[in-house]
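The values are calculated or read from the model by the stated rules, or taken from the named source; none is laboratory data. Just so it is clear, the structure is predicted and the values come from calculations on it, not from any experiment. Every residue, glycine as well, gets a Cβ built from its backbone with ideal geometry; the counts of neighbours run over all protein chains shown.
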Amino acid sequence: MVKFIQLSDLHIHGSEKEDNVNCRKIMDFIVNKYSNDKQNEKPIILLTGDITDDGKENQYKNAVDILKPLVDNEFKVLATPGNHDYGLAGNIYTEKSQQLFQDYILGELIDIPKAKQQGIKMEDIYPMVTIEGDVLFIGLDSVVGNEDEFLHFASGEVGKPQRKELVNILKTNANSGKKVVVYFHHHPFYRNLFKKIVLEMDDAKKVLRILAGLVDFVCFGHKHVSDIWTAEHNIDWILGSGKTTERNDQYKFQYREVRIDGDNNEVSMITFK
Ligand SMILES: [Fe+2]
């Protein structure tokens, strides 16, 4: 059995704003809730981007400080960047912010040895494959594909090199019997023609074609709206997370918890005050 929870769009600031305060509350709740779980039953934490609000160094420092209780309490954390992690207002991507994500989130917080190696860039890290029990987690950087364009209006792209590698990973895994969870930040499909420009990945169709029939879960964030699709695009579960640091209409926090036990998959929503 493998369990994971998805947290997204935390938007941690450089000063102690509401998102920071809320995120600390969420950390307390998670650490408490699972404190009696055996080590191998603790949920894996999926962070699907926009961990920081603008990709500034003081925001990354705060993010490490706020999220540290997870690693201190031996939760395994997996993360992928969002448009806001790479620069101003999520619309301008800078190499500096990209490097800060690598240094602070992947290096300092999650402690991925490769992320700390000299000369290694984000492009060398994603797709990031992590195997936990019978589950293969594949993290994609959905920002990096169009980083050469100065202004993005928040859109993203997985890009050709990652797509190519993704095809190979899925081909290799095809007969392994392992379940597959793919996670990234941007929306993989969006039907509103105008909003599509800012919410959907530029290569969304290509990515979905690669994933169809070969993965069990797709998890993403970005839109700040919680949503769920079952058996669409030939994928069992597509899970869109809301902004975890924002309370819902009932003034409660919420996040999704997923339990994968052989062919029995269970998706539930946890809410708390
Ligand atoms: Fe975003």
Of everything in the range 1-22 that's farther than 16 Å from SER268 by Cβ, away from the ligand (no atom under 16 Å from the Cβ) and within 20 Å of the chain's Cα centre (by Cα), which residue is surrounded by the most Cβ atoms within 10 Å (Cβ to Cβ)? ASN20
Across the range 32-59, which residue is nearest to THR130 (Cα to Cα) among those that are under 16 Å from the mean Cα position of the chain (by Cα) and not β-branched (Val, Ile, Thr)? LEU46
Return the residues of the range 1-43 that are touching a helix residue (DSSP H, G or I) at 6+ places or on another chain (Cβ under 9 Å) and among the basic types (Lys, Arg); say none if nothing qualifies. LYS3, ARG24
Inspect the range 101-114 for any residue being in contact (Cβ under 8 Å) with a residue 60 or more places away in the chain, within 16 Å of the ligand (Cβ to nearest atom) and part of a helix (DSSP H, G or I) and give the result as yes or no. no
Expected single match for closer than 24 Å to HIS224 by Cα and surrounded by 20 or more Cβ atoms within 10 Å (Cβ to Cβ) among ASP28, ASP50 is ASP50
Looking at the range 219-238, which of its residues are away from the ligand (no atom under 16 Å from the Cβ) and surrounded by 22 or more Cβ atoms within 10 Å (Cβ to Cβ)? ILE238
The residue from ALA79, ALA154 that alone is over 26 Å from LYS171 (Cα atoms), touching a Gly at 6+ places or on another chain (Cβ under 9 Å) and not in a helix (DSSP H, G or I) is ALA154
Taking only the range 48-70 into account, find how many residues are of a type in the set (Val, Ile, Thr) and assigned to a loop (DSSP other than H, G, I, E, B). 1
Given the conditions (1) over 18 Å from ASP103 (Cβ atoms); (2) in contact with a helix residue (DSSP H, G or I) (Cβ under 8 Å, 6 or more places away or on another chain); (3) modelled with pLDDT of 95 or more, every one holds for LEU46 apart from (2)
Restricting the range 195-217 to residues that are touching a residue at least 12 places away in the same chain (Cβ under 8 Å) and within 16 Å of the ligand (Cβ to nearest atom), the one farthest from the chain's Cα centre (by Cα) turns out to be ILE197
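Per-residue answers, yes or no, for (1) over 13 Å from TYR183 (Cα atoms); (2) part of a loop (DSSP other than H, G, I, E, B):
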residue: VAL215; (1), (2): no, yes
residue: LYS223; (1), (2): yes, yes
residue: TRP237; (1), (2): no, no
residue: GLU257; (1), (2): yes, no
Residues that are aromatic (Phe, Trp, Tyr) and at pLDDT 95 or above: does the range 76-87 have at least one? no
